[in-house]
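As structure tokens, the structure follows; a few thoughts come after it.
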Amino acid sequence: MNDKQRVGHFAAEQVKPGMIVGLGTGSTANHFIEALAKRYHEESLPVQTVASSVVSAIKAKQVGLPLLAIEHIDGLDVYVDGADEVSPDMTLLKGRGADLVREKLLARASREFWVLIDYSKRVERIGQNYPIPLEVIPFAWQMVQRLISQVGGQSRLRPSGNGDGLAVTSHGSLVLDVDFPYIPDIHELNEQLNSISGIVEHGIFSKLATTVFTGGDGRVEVQTAED
Ligand code: 5RP
């Protein structure tokens with residue numbers, strides 16, 4: 001079992017009967033979905049799920065988990081997802097999979113948000129290894145790009161997987177990936193990005209994670225927001 005599988009299985013063990021569980025997107029979230037489905041089928045664990053993307057909805061259907069439509073719920077018990085970077089204060093960077101609107105909506109609407117990572121995702125500061133992704137309204141991308149340059153960011157539109165076109169999220173947005181040479185305060189940047197019209201969502205998840213599960217060296221380390 002590799003670290004991503006281990007942390008996915010560990011988190012699935014923490015799910016309680018009756019929970020509504022939000023399913024994240026990515027390879028680590030997929031291991032969680034598989035492990036949760038195993039408990040659902042083998043232990044008859046009563047759970048319902050809601051997907052954060054088309055990809056995670058397809059995965060949930062493949063493994064036979066009961067899926068609720070996002071528009072039919074007003075909250076959930078736990079949202080479980082991976083991340084691209086996690087800093088010591090549990091701030092996250094997400095968005096390699098691009099579906100930030102649904103991911104942040106579920107993270108905010110959930111009583112708990114469990115983040116599943118391996119040690120490669122732990123960083124000293126957000127933006128260390130990846131640009132900050134912004135989901136932008138298609139007609140606004142150039143205006144957003146100019147406003148971002150005024151706060152020191154160099155941005156480019158994300159190409160589609162095969163490089164022939166542009167990446168489009170399941171929400172119909174384009175994605176701008178932004179490099180900031182220096183981010184003095186990630187929480188302040190979070191607020192600045194929240195206030196720019198035309199940005200529908202961005203990849204900084206500030207003060208949302210309640211628990212971070214880190215897989216490595218054959219074990220899982222648990223950090224909670226109270227630590
Ligand atoms: C998708 C995400 C993913 O959770 C993140 O990219 C981590 O992916 P993986 O578990 O495959 O490393 O934020 O938008």
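The values are calculated or read from the model by the stated rules, or taken from the named source; none is laboratory data. Keep in mind the model is a prediction, meaning the values are calculated, not measured. Note that each Cβ is placed from the backbone with ideal geometry, even for glycine, and that neighbours are counted across all protein chains shown. Remember, those area values only see protein heavy atoms, side chains included, never the ligands or the DNA or RNA. Shrake-Rupley method; radii C 1.70, N 1.55, O 1.52, S 1.80 Å.
Computed quantities for the displayed model
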| item | result |
| --- | --- |
| Residues satisfying the stated conditions in segment 1-46, i.e. open to solvent by 10 Å² or more (accessible area, probe 1.4 Å), β-branched (Val, Ile, Thr) and touching a Leu at 6+ places or on another chain (Cβ under 7 Å) | Ile20 |
| Failed item in (1) within 16 Å of the ligand (Cβ to nearest atom); (2) open to solvent by less than 60 Å² (accessible area, probe 1.4 Å), with Ala140 passing the rest | (1) |
| From Gly163, Gly127, Gly172, residue being at positive phi and in contact with an Asp or Glu (Cβ under 9 Å, 6 or more places away or on another chain) | Gly127 |
| Check on Ser53, open to solvent by less than 30 Å² (accessible area, probe 1.4 Å), among the polar types (S, T, N, Q) and assigned by TED's automatic domain parsing to the domain that holds Val115 | yes |
| Qualifying positions in segment 74-93 - farther than 25 Å from Asp3 by Cα and open to solvent by 40 Å² or more (accessible area, probe 1.4 Å) | Asp74 |
